[in-house]
1. Looking at the range 28-40, which of its residues are part of a helix (DSSP H, G or I) and loosely packed, with under 10 Cβ neighbours inside 10 Å?
2. Quick check on my filter: what residues within the range 24-69 are polar (S, T, N, Q) and over 15 Å from the mean Cα position of the chain (by Cα)?
Amino acid sequence: MGADRQRRYRRRQAEGLRVVAIEIDEAALGDLLVDIGLLSLAEADDLDNIRAALQQLVADMAIANLELE
C-alpha cells in the first residue's frame, strides 16, 4: 500500500497537482454545488460526485483568475 501511495503522490507532483484537506459543512457544500449547477439534487448525496464537482469549481475559478490577469 505504501508504494501505491508514493506512486500516486509522485504522479500528482509531476502533473502539478496537490491534495488539500479542508473541513466544510457537507450540506452547505452540496447546496452550493447544486445552486450553481455543478450537481443535481440526486448527485449531492454522493461523495465522489461532490469531490468531482468541487474540483471542477476550483479549476473553473483558477482559469477565470488567469483570464483576469
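1. Filtering the range 28-40 for residues part of a helix (DSSP H, G or I) gives 28-35.
Passing the criteria: ALA28, ASP35.
2. Just the residues of the range 24-69 that are polar (S, T, N, Q), to begin with: 40, 49, 55-56, 65.
Selection gives SER40, ASN65.
Values in this text are rule-based calculations from the coordinates and carry no lab data. Just so it is clear, the structure is predicted and the values come from calculations on it, not from any experiment. Methodologically, a virtual Cβ is constructed for each residue, glycine included, from the backbone with ideal geometry; neighbour enumeration extends over all protein chains shown.
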